[in-house]
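Okay, structure first, notes after.
The values are calculated or read from the model by the stated rules, or taken from the named source; none is laboratory data. A quick note: this is a predicted structure, and the numbers were derived from the prediction, not measured. Cβ: placed from backbone, ideal geometry, glycine included. Neighbour counts: every protein chain shown. The protein model used for the area step is the full one, side chains on, heavy atoms only, and it has no ligands, DNA or RNA in it. Shrake-Rupley method; radii C 1.70, N 1.55, O 1.52, S 1.80 Å.
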Amino acid sequence: MKIAVLGYGVVGSGVVELMHKNPHTINQKAGTDIEIKYILDIKDFDDSPYKNLFVKDFNIILNDPEIEVVVEVIGGLNPAYRFVKESLLAGKSVVTSNKELVAVYGDKLLQIAKDKNKNFLFEASVGGGIPIIRPINQCLAANEIESISGILNGTTNYILTKMIKDGYTFEDALKNAQQLGYAEANPAADIEGIDSCRKISILASLAYGEHVDPQKVHTEGITGIKLEDTRYADKAGYAVKLLGIISKNDDNTLYIMVAPFLVDKTIPLAGVEDVYNAILVQGDAVGISLFYGRGAGKLPTASAVVADVIDCAKHVNARKYLYWKSSDGSFIADYKKMPFKRYVSLISDSDISVSDIKSVFPNADIYTDFDKMVFISDELNEYDFDERINALEKNTGASVCSVIRVFNLNQENGEKKWD
Ligand code: HSE
């Protein structure tokens, strides 16, 4: 089976490297010999051992009937969307690691793949090398998915770990993440939470069968996190993590959001460090399953891409059932109605007392032995919380320095299912 690889960046070069590293295993599992016939890239790679495979014109690939699978690892929407769409329309299966493409156009591309009876596979688009698309689509298919919560971005988790544990500056940690091939071409997408937003949108679309437009998902990044907050959180028994979360409501609406959270150290997400990602999936039959591994990087991502290529080879004339329909997103609920406890740090010129805080947040856990007044609030939705925190500021003259939500899993009869 002949394939073409579009893009020879971090992931593309990893795919080519892995195909040449493990050909025996790959071909045996595919049941056929898989050969890379073309690599498309606008740059020249005259010193590459694969220099004879490089082409610059996509039409050579599109018009070659021998090419059965196109691997799109360019990233971004343009020209990736056009190349993928034209490949599917030409009757070729497509494998991609491009989360932006899947998050934005997944419904349309899956529909074309369905119409053409071809495969459009994207295991690498979420969690890098972690198996998560197939588990949600196949292994957990009998469950009602109640919640999904995950560390979905390797770069930000790496940056947070290096800053908190190893004393790196933000800039140095980011530079390292870029050198290691973890960061997006524009790392703002990592830092601002946009990459995590695309990934949680893909997981929501997959788990609930309707397209979730990433623009409808409330997204916050890590730029507002202060080192002192991570230290106070640590002393209080929490780690600070950028999470994508989905929680299903009884009326079948979904809360979906991306934001930094304090994660109780008894929950395994708290111990996930460096480039690792982890995703907790909560199903009504299975309970909680945890998926953990390297979320970014050349060979971990290539591992998932090549597995999809093998799957395409095994299913040349049979579609893998992977599909979600288009949607107006009306099932996405107002994230501000989602109740959370919140970590709050306060700046105050005058002394603010424990009873001042208790008068507004009666169930708060208050930490008086830090440099700042810090407390974990009652569990409230954002409207109620804002009202009470405004009252506290007004009553005491204190001003809020930081607010970070505290992660919780779905509650059942008041009990955390994790316990
Ligand atoms: N920039 C992404 C990350 C790459 O850091 O997770 C993998 O999707």
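Filter segment 256-282 down to residues that are buried (at least 20 other Cβ atoms within 10 Å of the Cβ), away from the ligand (no atom under 16 Å from the Cβ) and assigned to a strand (DSSP E or B), then give me how many there are. Selection size over segment 256-282: 9. Between D64, D41, D47, D57, the distinction of being touching a Gly at 6+ places or on another chain (Cβ under 9 Å) and open to solvent by 10 Å² or more (accessible area, probe 1.4 Å) belongs to D41 only. Considering only residues in segment 21-36 that are in contact (Cβ under 8 Å) with a residue 40 or more places away in the chain and either touching an Asp or Glu at 6+ places or on another chain (Cβ under 6 Å) or of a type in the set (A, V, I, L, M) (or both), the one that is surrounded by the most Cβ atoms within 10 Å (Cβ to Cβ) turns out to be I34.
Taken together, S205, S289, S303 contain a single residue that is within 18 Å of P135 (Cα to Cα) and not assigned by TED's automatic domain parsing to the domain that holds F170, which is S303. Could you say whether any residue in segment 11-20 is farther than 20 Å from S97 by Cβ and open to solvent by 50 Å² or more (accessible area, probe 1.4 Å)? Checked against the condition, which is being farther than 20 Å from S97 by Cβ and open to solvent by 50 Å² or more (accessible area, probe 1.4 Å), segment 11-20 yields no hits at all. Evaluate the following for V272: is it in contact (Cβ under 8 Å) with a residue 12 or more places away in the chain, assigned by TED's automatic domain parsing to the domain that holds V104 and touching a strand residue (DSSP E or B) at 6+ places or on another chain (Cβ under 9 Å)? Answer is no for this residue. When residues in segment 9-26 are screened for being under 22 Å from I61 (Cα atoms) and more than 23 Å from the chain's Cα centre (by Cα), 5 of them pass.
Output the residues belonging to segment 115-159 that are under 12 Å from S289 (Cα atoms), among the hydrophobic types (A, V, I, L, M, F, W, C) and within 16 Å of the chain's Cα centre (by Cα). Residues satisfying the conditions are I132, I136, I148.
Of the residues making up segment 283-335, just one is under 21 Å from the mean Cα position of the chain (by Cα), without any contact (Cβ under 8 Å) to a residue 24 or more places away in the chain and over 23 Å from T219 (Cβ atoms), namely L290. Residues in segment 363-401 that are farther than 13 Å from I352 by Cα and of a type in the set (A, V, I, L, M) were compared, and the one that is surrounded by the fewest Cβ atoms within 10 Å (Cβ to Cβ) is A391. There is no residue in segment 99-117 that is buried (at least 21 other Cβ atoms within 10 Å of the Cβ) and of a type in the set (S, T, N, Q). Can V354 be described as β-branched (V, I, T) and within 28 Å of T96 (Cβ to Cβ)? No: the conditions fail for V354. Hey, could you check segment 185-209 for residues that are open to solvent by 50 Å² or more (accessible area, probe 1.4 Å) and touching a residue at least 60 places away in the same chain (Cβ under 8 Å) and say which is farthest from the ligand (Cβ to nearest atom)? Checking each candidate, the answer is Y208. In segment 128-172, of all residues being surrounded by fewer than 20 Cβ atoms within 10 Å (Cβ to Cβ) and aliphatic (A, V, I, L, M), the one that is farthest from the ligand (Cβ to nearest atom) corresponds to A142.
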